[in-house]
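The values are calculated or read from the model by the stated rules, or taken from the named source; none is laboratory data. Nothing here was measured: the structure is a model prediction, and the numbers come from that model. When we count neighbours, we look across all protein chains shown, and the Cβ atoms used for this are built from the backbone with ideal geometry, even at glycine. Just the protein is used for accessible areas: all its heavy atoms, side chains included, with ligands, DNA and RNA removed. Shrake-Rupley method; radii C 1.70, N 1.55, O 1.52, S 1.80 Å.
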Amino acid sequence: YENAFLQKRDNAMDSAHWEGMTSMMIDVTKMAAFDDYWKNRKHWLSTDFQQHMESEIIPARKKAGIAIPGNY
């Protein structure tokens, strides 16, 4: 998703593709294992991307009616 973030920032990705990727990432952040993953691995990612995740994606609500699979 960081790669998509960089492409969108550089106007190298269309809005429809970006919106789909963003919806997917919002769902991923609602998985039970995400919080520990983010805490322990976000240092792998750029500061700009970390800020995007923490201000736009992690706090976003998942869409009504969407089930997050599994307990991971």
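Before moving on, here are some points about what is shown:
- Candidates A60, A4 - the one that is part of a loop (DSSP other than H, G, I, E, B), open to solvent by less than 60 Å² (accessible area, probe 1.4 Å) and modelled with pLDDT of 95 or more: A60
- Sub-8 Å Cβ pairs linking a first residue in the stretch 1-14 that is more than 15 Å from Q50 (Cβ to Cβ) and without any contact (Cβ under 8 Å) to a residue 12 or more places away in the chain to a second residue that is assigned to a helix (DSSP H, G or I) and not β-branched (V, I, T), at least 6 apart or interchain, are K8/W18; M13/A4; M13/Q7, ordered by first then second residue.
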